[in-house]
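Scroll down for the structure; my scribbles are underneath it.
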Amino acid sequence: MKLLFINPNISDSVSALILAEAQRAASPGTEIVMRTAPYGVEYIETRMESLLAAGAVAQVIAEEHQTVDAVVVAAFGDPGMPALKEFVDIPVVGITEAALYTAALQGARFSIVAISHRITAWYRECVERNGLGGRLASIRSLTDPLTGIGSVQEDFTPNLLELAGKVVREDGADVVILAGAPLAGLARKVGSHIPVPVVDGISAGVKQAEVLAALNSGPHRAGSFAPPPPKINAGLSEAITLTLARGFETHGKAGAPE
């Protein structure tokens, strides 16, 4: 099995963290292909930055999807999701949805520990979009400015542990999600210090993608996740244009642009 992991941020240091954790979590025989967004921002923490990242992620998917079994969008907040599920015939999993559903299987209520206060409103919207707002105990975040996106774990692990303790003691969380690709692998290091299950979005993404690829349930040919219908377009890359062209097969060639 081959999984394509895409870092929607342009930070190579974060891509290295993602790759290391994905390889640790992967089953024997699963190959991880790591790609970093070709354009965008250092670290996504706003809706606008997520919108910009979605296009970069779509470009990478268009270029690589024919050689892999599933795609994992490896930024909390799932830039481009759920629209990217319409784009290709293989499973596309976001680490947010993977973490949320994994947490929901392990407890009645979960909390998210984030690395930025600005990001919390957007995260809450992501939880609601996934239909789990009633299961969310809280979102707590770091408040100090980051010194480097690739060094968050080194700089703030004690602070993150303190937040994790508070969401359990004060907010009633049964499960803690350590949110964001910069925290990839941290759950393995600190899990023994947190008295409830701890979920890492990267490792959850690996396992969810492996399961969906192995189930081979089939692609969307109808319904709200069917491929976009054929339309005249302009300014799109060749890879995206060719990937969108699969909609011709689903919707028929009648009315397709010449």
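The values are calculated or read from the model by the stated rules, or taken from the named source; none is laboratory data. Just so it is clear, the structure is predicted and the values come from calculations on it, not from any experiment. No Cβ is skipped: glycine too gets one built from the backbone with ideal geometry, and neighbour counts run over all protein chains shown.
Of all residues in segment 104-115, which are buried (at least 24 other Cβ atoms within 10 Å of the Cβ) and farther than 22 Å from ASN7 by Cβ?
PHE110, SER111, listed by residue number.
Out of segment 164-185, which residues are of a type in the set (A, V, I, L, M, F, W, C) and crowded, with 24+ Cβ neighbours inside 10 Å?
Answer for segment 164-185, where residues must be of a type in the set (A, V, I, L, M, F, W, C) and crowded, with 24+ Cβ neighbours inside 10 Å: ALA164, VAL167, ALA173, VAL175, VAL176, ILE177, LEU178, ALA179, ALA181, LEU183, ALA184.
Working only within segment 70-92, note down all residues that are under 23 Å from ALA16 (Cβ atoms) and out of contact with any Gly (no Cβ under 6 Å at 6 or more places or on another chain).
ALA70, VAL71, ALA74, ALA75, GLY77, PRO79, GLY80, VAL92 - these are the residues of segment 70-92 that are under 23 Å from ALA16 (Cβ atoms) and out of contact with any Gly (no Cβ under 6 Å at 6 or more places or on another chain).
Sort out which residues of segment 119-147 are surrounded by 13 or more Cβ atoms within 10 Å (Cβ to Cβ) and over 28 Å from LEU105 (Cβ atoms), and write them in order of number.
The one that is surrounded by 13 or more Cβ atoms within 10 Å (Cβ to Cβ) and over 28 Å from LEU105 (Cβ atoms): LEU146.
Answer with yes or no whether ALA239 is modelled with pLDDT of 95 or more and within 30 Å of ARG24 (Cβ to Cβ).
Against the criterion (modelled with pLDDT of 95 or more and within 30 Å of ARG24 (Cβ to Cβ)), ALA239 does not qualify.
So if I check each of GLU64, GLU31, which one is of a type in the set (Asp, Glu) and closer than 22 Å to LEU242 by Cβ? Give the derivation first.
On the way: GLU31 fails: closer than 22 Å to LEU242 by Cβ.
Going through GLU64, GLU31 in turn, just one is of a type in the set (Asp, Glu) and closer than 22 Å to LEU242 by Cβ: GLU64.
Within segment 73-101, how many residues turn out to be in contact with a Pro (Cβ under 9 Å, 6 or more places away or on another chain) and of a type in the set (Val, Ile, Thr)?
4
Name the single residue that is farthest from ILE149 (Cα to Cα) among those in segment 177-228 being without any contact (Cβ under 8 Å) to a residue 12 or more places away in the chain and part of a helix (DSSP H, G or I).
LEU215
Could you give me the residue pairs with C-beta distances under 7 Å whose first residue belongs to segment 27-48 and is without any contact (Cβ under 8 Å) to a residue 24 or more places away in the chain, whose second residue is small (Gly, Ala, Ser) and part of a loop (DSSP other than H, G, I, E, B) wherever it lies, and which are 6+ apart or on separate chains?
That search, which allows pairs on different chains as well, returns nothing.
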